[in-house]
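What follows is one structure encoded as structure tokens, with my remarks underneath.
What follows draws every value from the coordinates through simple rules; no lab data is involved. Bear in mind that the values here come from a model prediction, so they are computed numbers and not experimental data. Cβ coordinates were reconstructed from backbone atoms using ideal geometry, including for glycine residues, and neighbour counts include every protein chain displayed.
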Amino acid sequence: MLRNLTFMVGLLLLAGLYNFFPWEQLSQAAAANKDTATVPQASLALADPESSPAEVPEGDSSGEKNLKKNPAYAEALLKKSREKLLAYSSIQAEITETVQIGPKPFHIKGKYLQGKDLKLRLEFEVQSRKEDGKPVGTLLEICDGQVLWTEHNIKGNSRVTRRDVQAIMKQAQMNPNSQPNLLVAQLGLGGLPGLLAAIQKNMQFESVAERTISGKTLTVLNGSWKEGFLAQFKGGDPNAPAQLPAYVPDGVRIYLDPDTLFPRRIVYLKKNQETMDRMVTLNFSKVTLNAPIAATQFAYEPPDGVFPVDITHQYLKQLSQ
């Protein structure tokens with residue numbers, strides 16, 4: 001059976017937070033569950049969609065314009081966004097992430113590179129509050145199309161895993177009902193397209209609106225959990241209201257560039273009495289599409305003295321069940 005990536009699993013794996021905070025409960029809860037791009041080496045020269053003092057708070061719907069309650073349209077836009085991401089010959093972007101879980105928010109910065117045929121490079125640094133400015137930890141994921149390497153470095157201690165993605169895909173595609181794009185997402189091999197697919201798999205989108213951030217009007221998709229996901233938090237009573245833990249958001253808001261449908265911002269929201277507060281904000285800036293990327297960017301060698309753990313067999317075992 002394929003691993004089902006919920007939104008939180010996809011997000012926290014993306015940020016490498018499992019290794020920084022004791023949230024074992026999160027992994028336990030989560031475990032329960034052709035459009036051709038023709039933009040030639042284009043840079044999305046948009047204002048960086050970071051928060052500004054004048055911006056309307058996330059929980060304030062008055063900042064949204066042209067709100068349409070149209071689930072089918074919202075789902076279609078998200079699907080189209082994911083298909084476009086897969087069609088580009090390359091994507092380059094800088095990432096900033098703010099996590100507001102618990103009393104002390106923290107910030108993550110990184111770079112994202114995506115090529116064709118599962119080529120991927122993701123680098124993250126968890127910013128330190130210490131005077132020396134050194135990162136608390138780093139995450140590096142690199143795939144050359146054959147092997148996906150993941151390296152976590154926490155306070156100087158490195159852990160490296162490897163997955164033979166071609167062997168995994170070959171085993172998975174023996175199923176005549178497999179859908180390659182969705183399969184990549186479910187296996188956690190798909191970078192940003194995979195993250196969107198994981199969100200769409202577990203969340204339903206009810207509306208589409210517009211919101212202006214830093215002078216740029218973006219298309220906003222508003223989503224919440226599907227009943228299938230919420231069922232695991234109902235204590236066995238299907239009629240009971242779901243009691244979501246503090247570390248699980250209540251909703252998601254995805255900001256798409258209206259011209260390219262590129263996801264410029266993803267915000268995860270938590271209910272706080274009458275408001276919806278930001279829980280995690282993921283911003284993509286300095287986005288460049290279809291520009292050449294050197295093959296060396298997708299090459300990897302483990303650090304000296306670090307012995308990689310091959311977890312390919314775990315995926316092959318799941319797929320053979």
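Here the spin labels are modelled as points 7 Å beyond Cα on the Cα-Cβ line, and at Asp117 and Ala87 they lie 2.2 nm apart. An ellipsoid equivalent to the range 186-254, defined through the eigenvalues of its Cα gyration tensor, has semi-axes of 27, 17, 10 Å when rounded to whole angstrom and sorted largest first. Based on C-alpha pairs under 8 angstrom that are at least 6 apart in sequence, the range 213-290 has a relative contact order of 24 percent. Placing dummy labels 7 Å off each Cα toward the beta-carbon, the span from Ala246 to Lys69 is 3.4 nm. Computed from the C-beta positions of Glu274 and Lys155 and an R0 of 41 Å, the FRET efficiency is 0.50 to the nearest 0.05.
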